[in-house]
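**Q** Below is a structure I'd like to ask you about.
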Amino acid sequence: MATIVPSIACLGVIGRNNNPLHLTILPSYNPSSASAITSDPEKQQQPATTISASTTASSAATGASPLRTPLQFSLLLSSTLDIFELRARAHAASGTGALSGDLGLLCAVDERLACYGYETNTGVRFVAVVDMRGRLLDPTLPSTTLIHGAIPETDRSSGGGAGNTGAAGGGAGTGTGTTGDDTSGLVNLPSLPPLSGIGILSPTSSSTTVTTSSSFIPGTSSRKPSLVASIASASTGLRDAELKPLFKAMQTSWVRLLQNPFFDLDEHVLPGGRGGRKITSKKFGEDMRRLGMGWIPGVGGFEGF
Amino acid sequence: MEGYPAGSLDHNAPLLIASGLTPPANTTALGDPRLEENAILVRSDLPSVDGDEATMLLQYLKNCDASDLAWNGRHARRHRFRIRTTGRTFLLPPRRARTPEGFSINVNSIPQTPPVLHSPFSPLSPISHLYPDGLIDARWLQKHQDLIPSVYICFYSLINDPALIKLYDSKMKSDITSIKNVLSQSGYKTRLAVVIVGGESSTFGYERIQERLEVIRRGTGLDHKTFLYIPPQESEDQLVAAMDAILASLFTQSMDYYRDMGRHAKKKRSRGITPQPSVPPTSGTSRTLSVQAWNVRYDIKTAVFSEYRQDMDAALRLYDNAYETLFGSDVWQIIPSWSPRWNEARLLADILALRILRCLQWLGHWSGSVRRWKQHRDRISDFVDRRGQGTENYGWEAWQARWATMMAELIDKVDIIELSPESFKLYLEPEKALASERLQPWDLLHHPGYWHQLASRHLIARRRFARRIPENDRKPPETSPSTRMASNTYAYDTYMCPEPHEEADADHSSLILNALACARTEFQLRQQRRLSAEIALDCANEYMNGGNFRQALKLLQPLRNDMTFRSESWWDISERLNWMLRSAAKKARLPDLVVAIDWELLNRSLDFTRNKDWEYDISKSLNHVSLDSKPHVALTDEQVIPFVSVSFAFKSDVGKAGQACPAQLVFTSNAFPGSAPVVLQGVEIRFEGSIKPLNITHKETGATIEERNNVAFSATNLIEDESLVASSEDEEDAITSLTGADDLTLNPGQTRVFEMAVQLREPGEAAATLLKMVYDTDTFSLDYSIQFRDTSTADVWYTPSGMQKRLSRTRPHLINIQPRPPKMDVKLVNNKNQYYTDERIILDIELNNAEDADAITKLDVQVWGEEVPEVVLKMGDREKTCVPVGEDDKTIGATIPVGTLEKSTVTQAQIILGPAEMPVEYSLSIKAHYHLVTDPATPIVQDDGYRLIIINPFEANYELLPRLHPDPWPSLFDPSSLANTADEGRAAPCGLAQKWLLATRYASFATEELQLLDLDISILKTHGSVQCNISKYDNIPEGGKTVSPRTMETADFDVESRRMSLDDPPGQSSMEITFLLKWRRVDSSPDTVNITSLPAPRLFVSGSEPRVVATAEYKPVDPDSVMFLNVVIENPSHHFLTFSVTMDPSDRFAFSGPKTCSLNLLPSSRRVVRYRVLPFVRGAWIRLGLTVKDKYFQKVLRILPTEGMNVDKEGVLVWVPEETTTADDDEKREEKNEDDEDDGK
């Protein structure tokens, strides 16, 4: 029973002058058929993307690779700036209420990727690109509960799509999936947790689920129930609020970086509206990576942030 | 939505046919010859309505045609008709297909009842395309949308000719009846409506028309709802309103029509039987439709009729039913996949899915529609995988692209207000039904740009598959029968896309570009600038692949010029842009662009990645670009980010003119390691302010430059280049530039420091503004300009050892040049403490050249003040008189060239000021303008200022004391005394004479001793006929008398006034005098005489009133000697006067003489009363009790004292001296007294 849950594909920090400060690209669970979305070979012929091309090549064996090339992620992050501006304009036009820092969903790029944004009051923006099918959760492997594509290819991507089909059909209220036909191809449909599972999987109501979940993550027993609940619900979608802990943690890390006396913000955000250097702090990069890897929808708080 | 049969996806709107508004010949064709054979003709013989009303109605009907309305429920009108107009004839398709051919042949073998005929659109009729096992096709939709109207309107006009009314009306009646019959016989339930236009407008006429119309209506059996009349209207608006009302009422009938149709279809479905075709199928699989399939067909029909009625909920449900049934076990599943029917079913599935999506969006189920979109794709994917050719082929990607585009177009067609560009929204919030669910981000309905972008990705994938088509399949099937036999149909999914041999050569690029262009338009509309730039990059990439470099350039160049990505430091993006643009520019032969990009790509610091296939050498930039001439490229740092960072800094922010300030030009090359060194041909720095441009040219030194800490330090000599002086008249502009030469090789990663001494010339603020690098190769030349901005300069100063020192200034490229401190001394020497009026002032100037070099000097003097006298500037034998300078006349000045003043020499000049007439104050400015022969460009000024205060050296006051004139007065009785003793014709005065003593008291106000040479009184003028003589003062010793400052001196002058004639009328006379002092300074030359004249107040001499003058004579030789006191009464008037003289006794003296006496004085005469007085005291004043009174006026006259006497309020006092006088004096005095006595008598 393998479940595909959202994961972070990329975390970006954008400075006040719209300049990129940091970019962390994380691998996604990536069945080879998903390469259709990854990138077209024409782009990789260009010299600029040679590195990314080699990354995808090497990662093909493991099945885990970034969904897109660094350049494409850069373009994606840059395009979110349009939305930050658009939101600010819309806010100025409507003139109601204070613009909260959390902008929630900025846009979905396609069915897999979606950008979420957060803006601090100093104009620094955090962008999280979520891969809605980025992580394969396989309870049959107790030692590795959260696998970033480390599982060999088990199913085609249409499996994930089929799961959505069921949800969509239910949502539309049109009675999809009534055929009950064995050959309908919706083999994954029964394996998906039902929509109502969110409510059912409380720590007390279903002991069997809890015992199963105890094998999920040894040593984090305090977070188990909510983890189960969140995983169960993850495949159906994502709420804006589920990104909030991530952004809070990113901000904490950013503030820590600012508190470093050797970090000079002026080098990164030049006066006069020009962009400066990227952040070179290894610790910050490591933080981002840790946050990106550790984020699970619906699980609040990160250790140490 | 191209590719789908026409009308299959459109939203259905009730069809209304309007006949009789266009010319009768206009008719409609059914479009299918098989249908036209048995077509039913609806015709009318009456003429069409013509005139303005017909035109207006036609126009209105055209306007409210609902064919192109947006697919949503927002609709302003009360009706939503699809309106077609026709003339007087109209063709309806046959209700039943005709008997199939060949049926009669088999009639013997199969003894059957005559075949049941079905609609030509049904799969039961052999003439139908669907026969025998097709489900449904677009023709059925077309039938209802285009061919069979729900409402058929006949327009008629009324005629008003009384003669023809009857005939016409009956004709109309039969015409309507015949149409009605045709329609009812056709089997269609089309509603007939008759609209009559025209007639009379008068009230009477209206009633008559009502009557006529009623007759016609009854005759034709129509009701009030379908028999309508539009009376003549005054305006177009009213006509339109009337027609609008008619259409609205017909709309409800039309709704009824479609409801009936829907019920009919539903009824057929509920029968649950499989209808048998007219003729059993004999070809193909001989398969007929199953019940399930019929159910699909009926559901679709019902759903479409619901859609006609805009009952979208019902339509959605029915479409959904049909959709599910289609995917169910007995419909699509059993169609063999090689059969064309399989693709037809797939097409139907698409159409159904899209119609479902439309219903969902019509109802506002945004997220529901996205989910449904995904669901359809997933089901098709699954179906194709299992039953079709799989999803690993171009056909699947082509369909995915199509499906994404369809969604984009659907969103456009539905025209969602909430998603319009003005709404600032990129996606819609989920509808309420789904708001509480955990949605996928993509489930929120995004604007069409995202869908087009998605389509483009699938198109790219499609091309990738197309490229993999093996060589064998690329040949057209005709040419190789063997491949045809291999039957590609099974290997390739050609659903709605070309065969493999066509696909291999298909123009994918244009498809992709098309999708990208659509996406880009949408993004631009929503001001997603960066995203549209990204799309532009993709577009350009496509163009480049297609070899269309011009187009690629057109897209990329604005992106590059925009600089957004670069100014915001998205280096990887701008790098990609650069590489693409470079190859396009290379192909398009744009050397500027190639060089500009190469220049930028050399930069390693911008996180650019190294391209292994490119040689990092700017000089080879244009090696593979064929060009006709050597291009000159000019770039600025605003266009291109330089790989060299440049800074220019002065060592200190303050410098002095004439001195040199160290400055450093620092190049830091951020070129990629291993790239070829860049050898600049020259560098030019331009300054704002007084510093001239600085040029450094490249010079091959041959020697390697020593590097420490990766900093190569070189000191560059600068020469002031005067050779370029052309016709510059102003010598101060003699220097045009500073030039130097050095090795200008920039190695990658190296920091080059050029330290130079910049000669500062003129005071003021100066700042480096622009640096221009000149680069020249055989193939091109390049000028690259960098602006020195306040923020861009480095604040580091390098030492020759490579150490760095921070400069704490914010603008190190700026220097404040202060004036050069002059070392030449200009001063006044030997000047006096004080200068006085009436003397010529000579000021000595000394110029002392304390500079280290000879100076070419000019001396400039300016004097200003009130009434400046003549000033002469004298230098050796040259003189120059000052002339007024400036606007006011108070300043005069002169400039005299001094010439070359050798170092350490002193020269002198003089300022000579003419005598000032009165005390005054001058200001004096002395300036030496000079420049050193060693440094002719730096003008230097030394100046000195003085105040010159000139005061009067003397002050004086005056007293005129009466004295007794010794000469007797002329008497009228003595003609000799009256005789004019004329001297040489000039009339000598012979009137009464009086004597005065002018006592002057003068004091020196000078600060030093002065030599007084002479004193004099000059009479300026006398008033009255009087002549005055003033004795010369001769009490000054030869050679002058030294006068100390602040000491009072006196000088007495005898003044004798004599009237010109005795006959002159008595009156007061006065004189004006000035007191002249001739003096010189003690130290001045003996021949200098300064004359100071002091004006005196007017002095009155010779009045007309009588006066009493007392004189005392005393000879104190003998202790017992007496004093003689003479009292002289003068009567200068022409009256006879009487005076009384009284002498009171006193204990201080004894006297003899009249104690009281009376004196009569003739006119112009004088008399003396003489007393002898024996004083009892010595060395003291004695008071005389003497009174003289005018007897007539009873007025006591004032007694005027003379020498040795005094007067106070109470009387006259006489001084009795000690016995010190010499005998000589006594003698003299006695003689004098005797004379007086004689006179008195």
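**Q** For chain B, what does the helix formula give at 222 nm: sum of -39500 (n - 2.57) over DSSP H segments with n ≥ 4, over the residue count, nearest 500 deg cm²/dmol?
**A** Details: 24 runs with 340 residues, N = 1241.
Rounded to the nearest 500, the figure is -9000 deg cm²/dmol.
**Q** Also, quick follow-up: From other protein chains only, count the Cβ atoms within 10 Å of every residue's Cβ in B:390-402, then give the mean. Write out the running numbers ahead of the final one.
**A** Numbers: counts 0, 4, 2, 0, 0, 0, 0, 1, 0, 0, 1, 0, 0.
So the per-residue partner count for this stretch is 1.
**Q** In the structure displayed, which of B:LYS173/B:LYS225; B:LYS143/B:LYS301; B:LYS995/B:LYS1032; B:LYS554/B:LYS630; B:LYS554/B:LYS586; B:LYS995/B:LYS1041 lie more than 19 Å apart, Cα to Cα?
**A** Working: B:LYS173/B:LYS225 17 Å; B:LYS143/B:LYS301 12 Å; B:LYS995/B:LYS1032 15 Å; B:LYS554/B:LYS630 24 Å; B:LYS554/B:LYS586 14 Å; B:LYS995/B:LYS1041 28 Å.
Check vs 19 Å cut-off fails for B:LYS554/B:LYS630; B:LYS995/B:LYS1041.
**Q** Using the eigenvalues of the Cα gyration tensor, what equivalent ellipsoid semi-axes result for the stretch B:207-345 when each is taken as the square root of five times the eigenvalue, whole Å, largest first?
**A** On the way: eigenvalues 442, 66, 35 Å².
Semi-axis lengths for the stretch B:207-345 are 47, 18, 13 Å.
**Q** Using a probe radius of 1.4 Å on heavy atoms only, what accessible surface per residue do you get for chain B? Whole Å² is fine. Provide the component values of the computation, followed by the final result.
**A** Values: 55890 Å² over 1241 residues.
On a per-residue basis, 45 Å².
**Q** Follow-up. Considering every residue in B:367-377, what mean count of other chain Cβ atoms within 10 Å of its Cβ is obtained? Let's see the in-between values first.
**A** Numbers: counts 3, 5, 2, 5, 10, 7, 1, 7, 13, 2, 4.
Mean shielding count: 5.
**Q** Any of B:LYS62/B:LYS266; A:LYS283/B:LYS620; B:LYS656/B:LYS827; B:LYS827/B:LYS880 with alpha carbons more than 31 Å apart? Name them for me.
**A** Values: B:LYS62/B:LYS266 34 Å; A:LYS283/B:LYS620 42 Å; B:LYS656/B:LYS827 24 Å; B:LYS827/B:LYS880 19 Å.
Those over the limit are B:LYS62/B:LYS266; A:LYS283/B:LYS620.
**Q** Which peptide among B:709-720, B:320-331, B:739-750 comes first, and what is the full order, when sorted by highest mean count of other Cβ atoms within 10 Å?
**A** Details: B:709-720: 16.4, B:320-331: 21.7, B:739-750: 19.4.
The densest-packed peptide leads the list: B:320-331, B:739-750, B:709-720.
**Q** Classify the stretch B:643-716: rounded, prolate or oblate, from the alpha-carbon gyration tensor (a ≥ b ≥ c, eigenvalue square roots; a/c under 1.5 rounded; otherwise prolate if a/b is larger than b/c)?
**A** Numbers: a/c = 1.94, a/b = 1.86, b/c = 1.04.
Since a/c reaches 1.5 and a/b is larger than b/c, the shape of the stretch B:643-716 is classed as prolate.
**Q** Two-decimal Rg/Rh of the stretch B:532-673 from alpha-carbon positions, Kirkwood Rh? Intermediate results must be reported in sequence, preceding the final value.
**A** On the way: Rg = 18.3 Å, Rh = 16.8 Å.
The Rg/Rh ratio comes out at 1.09.
**Q** Give the separation of the Cα centroids, the stretch B:1082-1153 to the stretch B:857-918, in Å.
**A** Taking the Cα centre of each part, the stretch B:1082-1153 and the stretch B:857-918 sit 56 Å apart.
**Q** Using a basic spin-label model with each label point 7 Å from the Cα along Cα→Cβ, how many nm lie between B:ILE951 and B:HIS632?
**A** If labels sit at B:ILE951 and B:HIS632, their model points lie 7.5 nm apart.
**Q** Here is a further query. If the cut-off is 17 Å between C-alpha atoms, which lysines fall inside it for B:LYS805, apart from same-chain ones fewer than 8 positions away?
**A** Cα-Cα hits under 17 Å: B:LYS651.
**Q** How much net charge surrounds B:ASP1016 when only the other residues with a Cβ under 11 Å from the Cβ of B:ASP1016 are counted, with Lys and Arg +1 and Asp and Glu -1?
**A** So the environment of B:ASP1016 carries a net charge of 0.
**Q** What is the sum of charges around A:PHE305, taking Lys and Arg as +1, Asp and Glu as -1, for the other residues whose C-beta is under 11 Å from the C-beta of A:PHE305? Intermediate values should be presented prior to the final figure.
**A** On the way: positive: A:LYS248, A:ARG256, A:ARG290; negative: A:ASP287, A:GLU303.
Once all neighbours under 11 Å are counted, the net charge is +1.
**Q** May I pose another question? B plus A alone minus the pair: what accessible area, both sides summed, probe 1.4 Å, in Å² to 100? Spell out each step's value before the answer.
**A** On the way: alone 58920 and 15440 Å², together 68360 Å².
Rounded to the nearest hundred, the buried surface is 6000 Å².
**Q** Right, here's the next one. On average, how many beta carbons from a partner chain sit within 10 Å of the beta carbon of a residue in B:531-544?
**A** Numbers: counts 10, 2, 4, 7, 2, 0, 3, 4, 0, 0, 5, 1, 0, 2.
Mean partner shielding for this stretch: 3.
**Q** At A:GLU303 and B:THR1007, where each label point lies 7 Å from the Cα along Cα→Cβ, what is the point-to-point distance in nanometres?
**A** 9.7 nm
**Q** In terms of the ratio Rg/(2.2 N^0.38 Å) built on C-alpha atoms, what value belongs to the stretch B:267-401?
**A** Values: Rg = 16.0 Å, N = 135, 2.2 N^0.38 = 14.2 Å.
Rg over 2.2 N^0.38 Å, computed on Cα atoms: 1.13.
**Q** For chain B, what is the Kirkwood hydrodynamic radius in Å, using each pair of distinct C-alpha atoms? Present the calculation step by step, with values, prior to reporting the outcome.
**A** Numbers: mean 1/r = 0.0214 Å⁻¹.
When all Cα pairs of chain B are included, the Kirkwood radius is 46.8 Å.
**Q** Along the principal axes of its C-alpha atoms, what lengths does the stretch B:147-248 span, in descending order and rounded to whole Å?
**A** Over the stretch B:147-248, Cα extents along the principal axes are 42, 32, 19 Å.
The values are calculated or read from the model by the stated rules, or taken from the named source; none is laboratory data. Quantities reported herein were computed from a predicted structural model and do not represent experimental measurements. Cβ: placed from backbone, ideal geometry, glycine included. Neighbour counts: every protein chain shown. Note: accessible area is taken over every heavy atom of the protein model, side chains too, but ligands, DNA and RNA are not part of it. Shrake-Rupley method; radii C 1.70, N 1.55, O 1.52, S 1.80 Å.
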